[in-house]
Amino acid sequence: MNKILVNQEELNLTEKDFPVLIHGEEGSGASLYTVTLAVNLFSQGFPIVFLCGYPMAEEEFKKQLAGASYQDKVIFYTKEKVSEFKESVINPINSQRIIFVKNIELFEKDVFDLILLKNKIILSGDLNRCVCKKQILSTKFNTKIFFSSFDNMAFSVLRKYEGFFVSDGLKGATKVKFE
């Protein structure tokens, strides 16, 4: 299983780190990082509901788990199944699940109206191309991870597939360590 590193140390998110925002343009490494983060949270026992643009996220999730079963704890939806995703999110039986939305630039306001009310969320994608950029930025995120420059923040010291991690107690370079 791949690991998430911050300043070369392994990271395991806890409840206090939520909500999480991951910004990255296509090709920046944010997508692989997001899926790896989901695998790590699943491995810690967290149940997950995951909305993504394309089926490749679930394929990568399966690959990183190397055959381990996950269907009882992780529910994947693609952009064609947004209605089912929304039903799942409002279902009280799923209230303890971490909500991932990957490829945020592909989804409309109704998705964000629903999930930004929750605390255990991880939003990932190109925030600059997201129709709800202002709505998202008005939300307080305890953890922010940048794989691409954003507004007036530039991270020129980062190499490809590295991000900049910022939370209350931790700040620095972050990346996926392949195992």
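The values are calculated or read from the model by the stated rules, or taken from the named source; none is laboratory data. Remember, it's a predicted structure, so these values are computed and weren't measured experimentally. Methodologically, a virtual Cβ is constructed for each residue, glycine included, from the backbone with ideal geometry; neighbour enumeration extends over all protein chains shown. In case anyone asks, the SASA skips ligands and DNA or RNA and just uses the protein heavy atoms, side chains included. Shrake-Rupley method; radii C 1.70, N 1.55, O 1.52, S 1.80 Å.
For this structure, a couple of remarks:
- Here the contact order of the chain, divided by its residue count and restricted to Cα pairs under 8 Å and six or more residues apart, works out to 35 percent.
- Within the straight-line cut-off of under 25 Å between alpha carbons, the lysines reachable from Lys171 are Lys3, Lys16, Lys102, Lys118, Lys120, Lys133, Lys134, Lys140, Lys144, Lys160, sequence neighbours fewer than 8 places apart in one chain being disregarded.
- Normalised radius of gyration (Cα atoms, divided by 2.2 N^0.38 Å) for segment 1-88: 1.09.
- Surface/4 of the Cα convex hull for the chain, nm²: 9.5 nm²
- Cα gyration tensor shape of segment 51-137, rounded if a/c is under 1.5, else prolate or oblate by comparing a/b with b/c: oblate
- Once backbone amide H atoms are built at 1.01 Å from N, Tyr54 has Lys79 as its partners under 5 Å, excluding neighbours fewer than 5 places away on the same chain.
- Dipole magnitude of the chain, debye to nearest 20 (Cβ charges: Lys/Arg +1, Asp/Glu -1, about Cα centre): 240 debye
- Percent of Cα pairs exceeding the 15 Å cut-off, where the set is segment 121-179: 56 percent
- For Lys118, distant residues with modelled amide H under 5 Å away: none
- Mean accessible surface per residue for segment 52-179, computed with a 1.4 Å probe while every protein chain stays in place, in Å²: 56 Å²
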